[in-house]
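The values are calculated or read from the model by the stated rules, or taken from the named source; none is laboratory data. Quick caveat, the model's predicted, so the values are computed rather than measured. In this analysis, Cβ positions are derived from the backbone assuming ideal geometry, glycine residues included, and neighbour counts consider all displayed protein chains. These accessible areas exclude ligands, DNA and RNA; they are computed on the full protein's heavy atoms, side chains included. Shrake-Rupley method; radii C 1.70, N 1.55, O 1.52, S 1.80 Å.
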Amino acid sequence: MENNLSVFYGLSFLTAALAFAFAVYLYLWVKRQQVQNARIKEISMLIKEGANTFMIREYKILAIFAGAAAALIFLLLPSPIWQGSFTANLSMALSYLAGTILSAIAGKIGILVATLSNARTAQSAQQGLKPAFLVGFRGGAVMGLLVVGCSLLGVAAVLMITGDSSILLGFSFGASSLALFAKAGGGIFTKTADVAADLTGKVELGIDEDDPRNPAVIADNVGDNVGDVAGMGADLFDSNVAAMASALVIAQSLTGGAYANVSMVFCYAILGLLASILGIATAKVGKDGNPTRALNSSTYVTTGIFLALTALATLALPGFSWRIWGASATGLLVGVIIGIATDYFTDDTKPIVGRVARASSSGPAFTVLSGVSYGLISALPAMAGIALSALVAYQLCAPMGQGYAIFGISMAAVGMLSIVGMIISNDAYGPIVDNARGLAEMGGLGEQTIRIADELDSAGNTVKAVTKGFSIGAAGLTVISLLGAFMAEVNVALEAAGKALITGFDIMSPTVFFGILTGAAIPAVFSAMLILGVDRNAQRMVAEIHRQFREIPGLREGKPGARPQYSQCIDIATSGALKELISAGMTAILATVAVGLIGGPLAIGGFLLGNIVSGLLLALFMSNAGGLWDNAKKYIESGNAGGKGSPAHKAAVIGDTVGDPFKDTAGPSINTQITVVSLVASLLSSLFVAFSFFG
């Protein structure tokens with residue numbers, strides 16, 4: 001079987017290389033599209049420069065954090081260097097750094113492609129919906145292919161070199177920790193600018209969303225890239241790596257057929273990437289087609305291809321189990337169902353968005369009340385879906401022997417994330433067409449072009465809500481399997497210490513219950529810190545916008561030569577985001593360490609349980625409510641419930657500004673926070689076994 005594993009390592013590298021080659025082809029195709037409009041070129045360059053400035057400053061801060069974390073890992077993990085192996089500690093530190101570097105590269109590549117694609121999408125919109133959709137989607141697909149290719153390449157390389165899946169937890173922690181800070185920092189930046197631009201532009205002055213008179217408009221477009229592209233790329237890179245790492249840790253801990261199980265993880269990851277490549281290659285929209293339907297159809301096609309390919313592999317390859325295939329298929333199908341349920345609550349062609357839009361006619365209080373209510377309801381299908389997929393996977397694989405039930409759950413997470421290449425492509429499409437819509441307006445490309453860009457943007461918003469539901473659902477299954485990985489790691493330490501092994505977590509135990517309550521509170525505190533960061537930063541930017549309208553002659557009236565100082569708003573968003581991003585992430589990490597030192601492994605088990613349940617609920621609620629408010633605003637702007645400038649429109653804009661930090665800052669950051677604390681728990685399991693006050 002070890003020879004078979006070598007084959008799968010080789011196939012992993014080959015498939016990653018194929019994904020990279022296809023990504024380069026798509027990148028060059030997008031680059032060949034022409035941009036004639038000088039104003040669009042100028043604004044696109046401003047967006048690119050602003051995004052790169054933020055990324056450089058953010059990565060400098062994160063490099064210091066990563067260097068300090070790598071030094072601590074080298075000294076302490078997997079065991080203190082003065083007690084253990086120098087080579088093992090060095091491998092853990094290097095794999096951590098490799099995870100951070102690949103995660104950072106994923107974000108940087110996303111920025112490069114998105115800022116290249118936005119102007120070309122806007123220009124193509126003059127020729128119609130079909131060419132504009134293709135440019136936007138292919139721009140997003142470059143990132144999708146590269147992110148998944150990097151994750152497969154990194155996981156295969158680390159396991160091939162070290163042969164120890166525990167070292168993979170270091171690689172995954174590197175990806176997760178950078179993703180946590182990148183998502184938090186990018187989210188604070190983008191929503192600072194978005195909230196400030198909306199409140200001063202639409203509500204106070206009654207001007208359009210992307211009116212070039214608004215000093216925050218370039219910062220808003222920069223934010224789409226640093227938050228929704230770079231942050232999201234790092235986030236999904238982390239989710240994919242964490243799913244594979246937890247599955248491989250559990251696979252290696254299983255007795256009998258371990259190599260077949262490890263091979264199965266790699267096989268399914270390889271086939272998932274191949275299915276995404278085929279799905280991306282066949283994605284298209286008709287001349288007057290529906291871009292939302294096209295994006296969703298490509299997801300369903302990719303799902304079908306993956307299920308067929310994995311079924312053939314399970315049939316053909318020795319040692320592969322149909323039960324494990326069933327667990328993986330269950331995860332993927334439940335992911336699709338979660339996406340459909342999310343779509344129902346956030347798509348402006350479905351009834352819920354219309355209800356919130358009509359409620360807005362009675363004022364912003366009713367916008368917020370209805371949005372919060374439907375957002376809370378929307379969490380049920382996804383939470384039930386995650387629970388059901390975990391239950392089915394557990395029951396399917398439990399008869400295979402001890403440990404296989406948890407392995408089944410981890411394979412359900414691998415299955416749900418198997419088509420992540422397509423998910424990222426759809427997600428990255430959103431900010432590209434959002435930027436294109438702004439460029440079309442600022443470049444004066446005409447009402448017809450703006451209408452096409454609006455249609456593409458609306459599809460991006462709807463699909464973005466679906467992909468966030470998908471990624472949060474996958475994170476839920478991943479962290480359940482990471483709980484299994486934590487048990488596997490802590491039991492090794494307990495066995496070495498001659499202590500009783502953990503077989504489960506009794507919630508009637510006061511130690512476990514202490515962990516549950518503390519863990520449940522952390523996502524709420526983490527979310528509050530991020531939203532308060534947006535609040536403080538946006539207030540500073542609103543004051544700056546007011547200053548410019550007051551002090552720059554002719555700016556409010558749009559007189560020739562009156563140009564806003566865009567760079568001032570970009571600088572406020574950048575400095576504020578960098579100031580806020582470390583504190584929220586460190587709070588979650590330090591809380592995990594504190595609970596472990598107080599209550600030991602059992603308290604940490606409870607902490608992870610509480611963190612998973614409350615984190616998933618909050619993440620789903622905030623992502624869906626935010627998407628619902630955003631599309632209710634767009635629904636009104638398209639001429640419904642009073643149209644632009646009506647009381648309902650102003651109320652919906654306020655709802656959207658509440659929803660912005662929900663859906664793009666706190667909501668999507670929570671699933672990364674859950675992953676980070678789960679990995680911290682696993683990496684420090686031996687420390688918690690060796691020392692705790694009440695453990």
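One table, with the values for the structure above:
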| quantity | calculated |
| --- | --- |
| Carbon/sulfur fraction of accessible area - segment 293-362, other protein chains in place, 1.4 Å, % | 68 |
| Leu278 accessible area, assembled protein chains, probe 1.4 Å, Å² | 90 |
| Heavy-atom accessible area per residue - the chain, 1.4 Å, Å² | 33 |
| Relative contact order [Cα under 8 Å, 6+ residues apart], the chain, whole percent | 21 |
| Accessible area of Glu49 in the full protein assembly, 1.4 Å probe (Å², nearest 10) | 100 |
| Inter-part distance where segment 645-688 and segment 93-134 are each reduced to a Cα centre, Å | 22 |
| For segment 566-644: rounded, prolate or oblate by the Cα gyration tensor [a/c cutoff 1.5] | oblate |
| Whole-Å distance, taken between Cα centres, linking segment 265-280 and segment 433-498 | 19 |
| Listed residue (Ser95, Ala119, Ile64) projecting farthest to the positive dipole end of segment 35-149, Cβ model | Ala119 |
| Separation of alpha-carbon centers, segment 67-90 and segment 198-254, rounded to whole Å | 33 |
| Global form of segment 509-646, assessed from the alpha-carbon gyration tensor, a/c cut-off 1.5 | oblate |
| Hz values of 3J(HN,Hα) by residue in segment 328-334 - Karplus curve (6.51, -1.76, 1.60), Gly and Pro given as x | 5, 5, 4, x, 5, 5, 5 |
| Options Thr15, Ala141, Gly473, ranked by Cα towards positive dipole end of the chain, top entry (Cβ charges) | Ala141 |
| Solvent accessible area, Å² - Trp322, 1.4 Å probe, full protein context | 120 |
| Positive-end extreme of charge dipole, segment 204-363 - chosen from Ala357, Thr299, Leu312 (charges on Cβ) | Leu312 |
| Contact order relative to length of segment 15-173, as percent, for alpha carbon pairs under 8 angstrom and 6 or more apart | 37 |
| Gained length - Ile507 relative to Glu49, 0.36 nm times residue gap less alpha-carbon distance | 159.7 nm |
| Accessible area of segment 517-621 belonging to carbon and sulfur atoms, whole % at 1.4 Å probe | 67 |
| Charge dipole magnitude, Cβ of K and R +1, D and E -1 - segment 130-236, Cα centre, debye nearest 20 | 400 |
| Prolate/oblate/rounded label for segment 1-104 (Cα gyration tensor, a/c 1.5) | oblate |
| Vicinal HN-Hα couplings computed from phi for segment 210-221 (Karplus, 6.51 cos²θ - 1.76 cosθ + 1.60; Hz; Gly/Pro x) | 10, 5, x, 5, 6, x, 8, 5, 6, 4, 4, 5 |
| Separation in nanometres of the label points that stand 7 Å from Cα toward Cβ, at Ile64 and Glu204 | 3.3 |
| Pairwise FRET efficiency - Met160 versus Ala562, Cβ, R0 = 56 Å, nearest 0.05 | 0.40 |
| Cα-centre dipole for segment 530-686 with unit charges at Cβ (Lys and Arg positive, Asp and Glu negative), debye to 20 | 400 |
| Within the chain, helix-based [θ] at 222 nm, where runs of 4 or more DSSP H residues each add -39,500 (n - 2.57), nearest 500 | -29000 deg cm²/dmol |
| Integer Hz, Karplus 6.51/-1.76/1.60 couplings in order for segment 668-678, x for Gly and Pro | x, 7, 5, 5, 5, 4, 4, 4, 4, 5, 5 |
| Nearest-0.05 FRET efficiency for Leu315 and Leu28, computed from C-beta distance (R0 41 Å) | 0.60 |
| Residues Leu380 and Leu517, FRET efficiency given R0 of 22 Å [Cβ-Cβ distance, rounded to 0.05] | 0.45 |
| The chain, dipole about Cα centre (Lys/Arg Cβ +1, Asp/Glu Cβ -1), debye to the nearest 20 | 700 |
| Linear extension gain, Lys41 paired with Ala543, 0.36 nm per residue minus alpha-carbon span | 177.8 nm |
| Sequence-separation-based contact order of segment 359-439, relative, with Cα cut under 8 Å and 6+ spacing, percent | 15 |
